[in-house]
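Data block below; observations after.
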Amino acid sequence: MISLWFSIIVVVILILIPTIGSSSAALQSLFGIVIPYAAIITFLAGFVYRVLNWAKSPVPFRITTTCGQQKSLPWIKNSKLEAPHNAWGVVRRMALEIFFFRSLFRNTKVELRDGPRLVYGSSKWLWAAGLAFHYSFLVIFIRHFKYFVEPIPGWVSLVQSLDAFFQIGLPVIFLTDAVILASVGYLFFRRLCDDKIRYISHAADYFPLLLILSIATTGILMRYFFKVDIVNVKQLGTGLLSFNPHLPQGIGPLFYVHLFLVCTLIAYFPFSKLMHLGGVFLSPTRNLANNNRMKRHQNVWNFPVKMHTYDEYEEEFHKVMKAADIPLDKE
Amino acid sequence: MAEFKLKPEELGRINYQPPRKGWMDPHVDIRKGTYCYGAVPETLRYLDLPFPKKWQPNDADWQLPPNWKEIIFEGMRQRLNKFRSFKIFMDVCVRCGACADKCHYFIGSGDPKNMPVLRAELLRSVYRRDFTLAGKLMGKMIGARELNEEVLREWFYYFYQCTECRRCSVFCPYGIDTAEITMMGRELLNLLGLSIEWICTPLSNCFRTGNHLGIQPHGFKDSIEFAVDELAELTGIQVNVPINEKGHDILFVTPSADYFGSPHYFTLLGYFSLFHEIGLNYTMSSYASDGGNFGLFHSHEMMKRLNSKIYLEAERLGVKWILGGECGHMWRVLHQYMDTMNGPADFLQVPKSPMTGTVFENAASTKMVHITEFTADLIKHNKLKLDPSRNNHWRATFHDSCNPARAMGLIEEPRYVIRNVMNHFYEMPENTIKEQTFCCGSGSGLGTDENMEMRLRGGLPRANAVKHMKETKDVNLLLCICAIDKATLPPLLEYWVPGVEVAGVHELVGNALVMKGEKVRDTDLRGQPLQGKE
Ligand code: SF4
Ligand code: SF4
């Protein structure tokens, strides 16, 4: 539980820093300009470094995890998505994994009844919440483009209007705002309430959830309750993106809190488990075809090992082999 | 399965509630019945492996060299640089817990460190502290720990409570394969001479004699001849099994248990009947007298050392291609490692069935075909005369062995064969078969008697599904295509579901196969009376 409290304290401190700091006009440029740039640079450099570092290690063996029928005899139906035998199959398998969390969809829950008797139930909540969270995050990310570019691209507006499809509330409520709160909330409480998951959780697991929850909450507060001057925010955003930063006056502290938390998330990203975003593409059990016996896989560091050759073997067992009438190379 | 005291009801009372105290402070109780004996020094010496010593895992003093931590760190560094899998799997786990209740050892023991994610964290925590910036800065808060002797003991205990079955990897959203982490963990332990007898003794045997049982060439020939005689008695047909003969088309390689273990032996009789009936031009080899490869459970290097003999022998004997018998881990090595490690097998030809003309394109590079692929093709082309009613005394279900299912995708071939050689076949529940199959609980070198409690616990999910079949379909036979299964499922079932036997698929092929010139068959290959002939 210490790790939970630790995460909460860190997030509270992260909220307090800009709350206090941004009230001073001098520091506003720090929070509005310097930190965002620093965060982006950290993110890009860190992300690239991590991916290159992974890529530097070779893939010595093709260790695909097959989750379906291999391609063998022509009359046996090959499971092209679960045990792909070529690159196109792998691409589709990966797409299923990345866009629909295929493996998580398989999730089951085991229960032990008297007897003993084991029962396996389907358990899709983790999948549903995970998917809901990632997609709402993506949509919110896209919606935010409007703060950085003018004119707003058509597809960004489209995404936004779809998100506001139900047209309830004023300002109109975005679906994703509700979904992200609910899904991240679920993921957080699941971590707390499921004993097994709590047992395996570190601060590094609570912290990102709390951080994202705080980001979403401050964003929602700004949109629906404590209005922030959008025109000013947009000025800041477009300025940042065009490398011509300029700090408008009169953006409230709530905005700086939101921005600072986002910067923290961005800078924290490459050093954390959030790098699963990059890692999922490189996972050798998923991104390799199950064509091991069809095509030879090269190991760049393949090296000679000490073998026991047939000649050595025959020499050692020559007598008994001869007596048993086993054919010999050397009579 | 000698003196195992606990009753199934007692062993089946499992507490899944993790302790209140976290796991970061290393602690492990190396308890009798749940670990395997340490490797004997002679075997390590024979194989030129480091730090041979007389040693048991529950010793207080593990006789570690003074610089043991450096050795481990250097070993980790090398492996991180050589295996992208290792690096990625160390970095991307989000501790979502999807894998947690997928491991048969967790299900059977309730020990939280048997959740795949935590098994991996035992190693990952050390990786974090010594190989990542965040871990260096934040330490315990983000799950980084210092390596010490107790951590090393945890590694040993829990990396030898993983059968490298890869079930967890099916469910992980990033495909994290805890088996791969276990393999790395075991390699690191090897650097300090910490391995188990049940792995290292077979290894040194196999390196020397060509098979894990240490059977010398004349003994090998004897047991084959014995099987040939027995088959003549059962069927009235004298088959011929060439050994080490040059000039044949095919090299047949099978796990050594097939000619020494029971019920493996009946499967061997099945192969011989089949090969005779179709007139297969093949030879076996005493030098490559084991397709099984305990190197997989030890290190990539040992795997390569043992596996090398198969291609070497195929080349020496001048065959065209290789046919492989029923075995699980053997086929992981053959399918995923052999060609890369010891290929290319340019001296062989793309396998082609001499009976049906089928070219096995799926083995175009490795040139090795699985026996169920071969037999399924024969049956499909009507090359066999089969009388499934000769298996009417069996009501069977099929256990997918971990490696054929999750490392090859060999799922329908054995089923096709089974459906054609018997009349009463029933599938177990879907969460327990195919890619979701449960391990026998004794794979990866853990099938020793001293480890019986853990084996019975780990085998519970498998046995439980069989029990369900016994209760609902009156099943009395569990079929499989794995030598370790054939050795370890019988005691497992005897404990959890008495009354269910174990057999290889080709035993039933042998039963059903109507051979030209055979005598009136009133027993199966086990010598048991056929239905209606009692
Ligand atoms: S399923 Fe994968 S990501 Fe989730 S806890 Fe297990 S190993 Fe980690
Ligand atoms: S590979 Fe199998 S035994 Fe090992 S952790 Fe995964 S599920 Fe458990």
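The values are calculated or read from the model by the stated rules, or taken from the named source; none is laboratory data. As the structure is a prediction and not an experimental result, all values here were calculated from the model. Cβ sites come from the backbone with ideal geometry, for glycine too, and all protein chains shown count toward neighbours. The accessibility values were calculated without ligands, DNA or RNA, using every heavy atom of the protein model including side chains. Shrake-Rupley method; radii C 1.70, N 1.55, O 1.52, S 1.80 Å.
For segment B:319-329, state whether one or more residues are under 24 Å from B:Cys482 (Cα atoms) and either free of Cβ contacts under 8 Å to residues at least 40 places away in the same chain or not assigned by TED's automatic domain parsing to the domain that holds B:Glu277 (or both).
Taking every residue of segment B:319-329 in turn, none turns out to be under 24 Å from B:Cys482 (Cα atoms) and either free of Cβ contacts under 8 Å to residues at least 40 places away in the same chain or not assigned by TED's automatic domain parsing to the domain that holds B:Glu277 (or both).
Of everything in segment B:146-177, what is more than 16 Å from the chain's Cα centre (by Cα), crowded, with 24+ Cβ neighbours inside 10 Å and either polar (S, T, N, Q) or not in a helix (DSSP H, G or I) (or both)? Give them in sequence order. Once the filter is applied, which keeps residues that are more than 16 Å from the chain's Cα centre (by Cα), crowded, with 24+ Cβ neighbours inside 10 Å and either polar (S, T, N, Q) or not in a helix (DSSP H, G or I) (or both), segment B:146-177 yields B:Ser169, B:Cys172, B:Pro173, B:Tyr174, B:Gly175, B:Ile176, B:Asp177. Each residue in segment B:98-114 was checked for being outside any helix (DSSP H, G or I), within 11 Å of ligand 1 (Cβ to nearest atom) and open to solvent by less than 10 Å² (accessible area, probe 1.4 Å), and 1 pass. Inside segment B:395-418, residues that are away from every other protein chain (no Cβ under 13 Å) and open to solvent by 10 Å² or more (accessible area, probe 1.4 Å) make up a count of 1. For B:Gln63, the conditions (1) more than 16 Å from ligand 2 (Cβ to nearest atom); (2) of a type outside the set (Gly, Ala, Ser); (3) in a helix (DSSP H, G or I) all hold with the exception of (3). Note on segment B:67-83: residues that are without any contact (Cβ under 8 Å) to a residue 24 or more places away in the chain and within 14 Å of B:His300 (Cα to Cα) amount to 2.
Taking segment A:292-308 as the range and being farther than 27 Å from B:His370 by Cβ and within 7 Å of chain B (Cβ to nearest Cβ) as the test, the residues that pass are A:Trp301, A:Lys306.
Quick one: would you say A:Arg191 is within 14 Å of chain B (Cβ to nearest Cβ) and open to solvent by 60 Å² or more (accessible area, probe 1.4 Å)? So A:Arg191 fails the test. Within segment A:268-287, restricting attention to residues that are open to solvent by less than 30 Å² (accessible area, probe 1.4 Å) and either farther than 30 Å from B:Thr132 by Cα or aliphatic (A, V, I, L, M) (or both), the residue that is farthest from ligand 2 (Cβ to nearest atom) is A:Leu274.
Being more than 11 Å from every other protein chain (Cβ to nearest Cβ) and either at positive phi or away from ligand 1 (no atom under 11 Å from the Cβ) (or both) is the requirement here; does B:Ser125 meet it? Taking the combined requirement at face value, the residue does not satisfy it. As a summary of the residue check, B:Asn81 satisfies the conditions (1) touching a helix residue (DSSP H, G or I) at 6+ places or on another chain (Cβ under 7 Å); (2) at the interface with chain A (Cβ under 7 Å from one of its Cβ atoms); (3) under 23 Å from A:Ser57 (Cβ atoms) except for the one numbered (1).
Rundown of residues vs (1) without any contact (Cβ under 8 Å) to a residue 12 or more places away in the chain; (2) surrounded by fewer than 24 Cβ atoms within 10 Å (Cβ to Cβ); (3) in a helix (DSSP H, G or I), yes/no style:
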residue	(1), (2), (3)
B:Ser223	no, yes, yes
B:Phe226	yes, yes, yes
B:Asn240	no, yes, no
B:Asp258	no, no, yes
B:Tyr265	no, yes, yes
B:Gly270	no, no, yes
B:Ala288	no, no, no
B:Gly292	no, no, no
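Once segment A:204-218 is narrowed to residues that are of a type outside the set (Asp, Glu) and either touching a Lys or Arg at 6+ places or on another chain (Cβ under 6 Å) or within 16 Å of ligand 1 (Cβ to nearest atom) (or both), the residue that is nearest to the other protein chains (Cβ to nearest Cβ) is A:Ala204.
Search segment B:161-217 for residues being β-branched (Val, Ile, Thr) and either closer than 28 Å to B:Gly409 by Cα or within 9 Å of ligand 2 (Cβ to nearest atom) (or both), and hand back the single one that is nearest to the other protein chains (Cβ to nearest Cβ). Here the residue is B:Val170.
Residues that are touching a strand residue (DSSP E or B) at 6+ places or on another chain (Cβ under 6 Å), at pLDDT 95 or above and among the polar types (S, T, N, Q): does segment B:471-485 have at least one?
No, segment B:471-485 has no match at all.
In the condition set (1) away from chain A (no Cβ under 13 Å); (2) touching a residue at least 40 places away in the same chain (Cβ under 8 Å), B:Ile379 is compliant with all but (1).
If you go through segment A:104-118 one residue at a time, do you hit one that is assigned to a helix (DSSP H, G or I) and within 14 Å of chain B (Cβ to nearest Cβ)? There is at least one residue in segment A:104-118 that is assigned to a helix (DSSP H, G or I) and within 14 Å of chain B (Cβ to nearest Cβ). When B:Glu70 is tested against the conditions (1) facing chain A (nearest Cβ under 9 Å); (2) among the acidic types (Asp, Glu); (3) away from ligand 2 (no atom under 16 Å from the Cβ), the lone failure is (1).
A single member of B:Val92, B:Val40, B:Val28, B:Val117 is closer than 27 Å to B:Phe438 by Cα and more than 16 Å from ligand 1 (Cβ to nearest atom), and it is B:Val28.
For segment A:84-103, which positions are more than 16 Å from ligand 2 (Cβ to nearest atom) and surrounded by 14 or more Cβ atoms within 10 Å (Cβ to Cβ)? Hits for segment A:84-103 are A:Pro84, A:His85, A:Asn86, A:Gly89, A:Val90, A:Arg93, A:Met94, A:Leu96, A:Glu97, A:Ile98, A:Phe101, A:Arg102. Out of all the residues in segment A:58-78, which are more than 7 Å from chain B (Cβ to nearest Cβ) and more than 25 Å from B:Asn342 (Cβ to Cβ)? Hits for segment A:58-78 are A:Pro74, A:Lys77, A:Asn78. Counting only helices (runs of 4 or more DSSP H) that sit completely within segment A:179-286, those holding 2 or more residues that are of a type in the set (Phe, Trp, Tyr) and modelled with pLDDT of 95 or more correspond to A:203-220, A:253-268.
Within the option set A:Leu27, A:Leu73, being surrounded by 13 or more Cβ atoms within 10 Å (Cβ to Cβ), closer than 30 Å to B:Ser353 by Cβ and of a type in the set (A, V, I, L, M) holds for one residue only, A:Leu73.
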